[in-house]
Amino acid sequence: MNQSVKHKISQDKDGFGMKVFYKNLPRSDFKSALSNKLTINSYLKLFSLVTLFASQSGFSAPAIIPRAPEINATSYILLDAKTGRVIVEENADEALPPASLTKIMTSYIAIEEIMNDRLRLDDPVHISEKAWRMEGSKTFVGVDTQVQAEDLLRGIIIQSGNDASVAIAEHIAGSEEAFADMMNQYAEALGLEQSFFMNASGLDTELYYNTMSARDLSILARETINRHADFYPMYAEREFTYNGITQPNRNTLLFRDRNVDGMKTGWTDAAGYCLVASAERDGMRLISVVMGTASEQARAVETQKLFTYGFRYFQTYKLYDSAQVLTNLPVSYGEKNAVDLGIEEEAYITIPRGQSENLDASIEISETIEAPLSYGEVMGVVNVRLNDDLLYAAEVVAMEDVPRGNLLKRFIDWITLLFSGFFQSN
């Protein structure tokens, strides 16, 4: 028994057809299969909706993508901020000194405190002698003065002020050491597996030093961009004036690449020249991390190599809108004869440019759908592949309630299924 349905993927004008094959799989098995990233084709039979994304020409040439550029850095990574898909990486899990890239975490915690109403932008923050005496890059706050939290936040993000970092840490946690403990707790919560913090500034000493990996920094940068969207524009500000002293943003890419809108630089003898940067072009946002480059110029050049490669050869592709119906299938024993099935959240994937027509999607659902059904009830899984690579997998759910039908309706459906099974077996 076959049927064919069509729907559109996201806002793309290209539709794709579904061929429906009725087989058998209990609905309870789909969650475990999805979590294990398995195709459900084992000891049980399947009901497979095999979907082909049609191209107008009927043929699409394979993507010709050169190898990634050589990057002169100890460690680096490039990823799609929307999907989290890593495009290029090298030594991305090596724990290294992050220098002032540490301040991305310091700022992250400060903004979390603001969002949780434990800190206000206009709160006065006392400047201790320890904060005032900090070496390296400074915001030039005065000892025993009161500075608004917002000024300190800009001092950290734009000027990379070590004094501002210690001041905000002491204000939030009581001491820099206690704040470092908060940093480590946040790192664990965010899944930063190679990160360890002993101070809020990233300034290295023999006793107090931090470590982070390029992957951890990319995760933290992505979380900052997505979760702190109202505050992220601070990273794009080109200068900040405090105490009569104007200092430019240390991220020189803000001045040479109009697509770059953040994030943070770092340097110490141990760390070398480091840069976390983000850029957006034509609806695609990339995050780059380079660690251990040779100079301020080198970290900018290596980052631009990564951005050029990522934007030129890859794209962020929208598969589905939130609450999008993928298909409509028969229901037995219900008040309704059919149910809409779809996904709850919008879906994006990262693909080589021009390869959207070569995507294959399959939806796997149990043979017989029986009422009652509740909105959001998991009915199966949808898998999207490019060639043999699985790019997306998600639960397919009922998009509406289907109450159990009356006795007569259930009896009719039972007879229908009985005869259907009889004729199929013959």
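Numbers at a glance
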read-out: Residue 103 vs. criteria within 17 Å of residue 175 (Cα to Cα) and not acidic (Asp, Glu); value: yes
read-out: Sole exception among (1) among the β-branched types (Val, Ile, Thr); (2) surrounded by 23 or more Cβ atoms within 10 Å (Cβ to Cβ); (3) in a loop (DSSP other than H, G, I, E, B) for residue 83, by number; value: (2)
read-out: Residues within the range 372-382 that are surrounded by fewer than 20 Cβ atoms within 10 Å (Cβ to Cβ) and of a type outside the set (Asp, Glu), tallied; value: 5
read-out: Condition met for residue 316 (farther than 25 Å from residue 201 by Cα, at pLDDT 95 or above and assigned to a strand (DSSP E or B)); value: yes
read-out: Residue within the range 321-337 that is surrounded by fewer than 21 Cβ atoms within 10 Å (Cβ to Cβ), without any contact (Cβ under 8 Å) to a residue 40 or more places away in the chain and under 20 Å from the mean Cα position of the chain (by Cα) present; value: yes
read-out: Residue ID - nearest to the chain's Cα centre (by Cα), chosen from residues in the range 159-172 that are surrounded by fewer than 24 Cβ atoms within 10 Å (Cβ to Cβ) and not charged (D, E, K, R); value: 172
read-out: Some residue of the range 198-208 being at pLDDT below 95 and polar (S, T, N, Q); value: yes
read-out: Residue that is at pLDDT below 95, of a type in the set (A, V, I, L, M, F, W, C) and crowded, with 22+ Cβ neighbours inside 10 Å, where the choices are 275, 306, 286, 341; value: 341
read-out: Inter-residue pairs, beta-carbon under 8 Å, first free of Cβ contacts under 8 Å to residues at least 40 places away in the same chain and on the phi > 0 side of the Ramachandran plot and in the range 141-159, second crowded, with 22+ Cβ neighbours inside 10 Å and among the β-branched types (Val, Ile, Thr), 6+ apart; value: 144/127
read-out: Residues being in contact with an Asp or Glu (Cβ under 9 Å, 6 or more places away or on another chain) and not hydroxyl-bearing (Ser, Thr, Tyr) - total across the range 235-244; value: 2
read-out: Hits in the range 134-158 (condition: among the hydrophobic types (A, V, I, L, M, F, W, C), within 32 Å of the chain's Cα centre (by Cα) and in a loop (DSSP other than H, G, I, E, B)); value: 158
read-out: Residue 209 vs. criteria surrounded by 14 or more Cβ atoms within 10 Å (Cβ to Cβ), touching a Pro at 6+ places or on another chain (Cβ under 8 Å) and within 14 Å of residue 103 (Cα to Cα); value: yes
read-out: Scope the range 110-121; condition at negative phi and either out of contact with any helix residue (DSSP H, G or I) (no Cβ under 6 Å at 6 or more places or on another chain) or in a strand (DSSP E or B) (or both); matching residues; value: 111, 112, 114, 115, 116, 118, 120
read-out: Every residue from the range 122-133 that is surrounded by 14 or more Cβ atoms within 10 Å (Cβ to Cβ) and either among the basic types (Lys, Arg) or part of a loop (DSSP other than H, G, I, E, B) (or both); value: 123, 127, 128, 130
read-out: Residues of the range 179-212 classified as in contact with a helix residue (DSSP H, G or I) (Cβ under 7 Å, 6 or more places away or on another chain), in a helix (DSSP H, G or I) and free of Cβ contacts under 8 Å to residues at least 40 places away in the same chain, total; value: 1
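The values are calculated or read from the model by the stated rules, or taken from the named source; none is laboratory data. Small disclaimer: the values here were computed from a predicted structure and weren't measured. Counting neighbours? That spans all protein chains shown, and the Cβs are built from the backbone with ideal geometry, glycine included.
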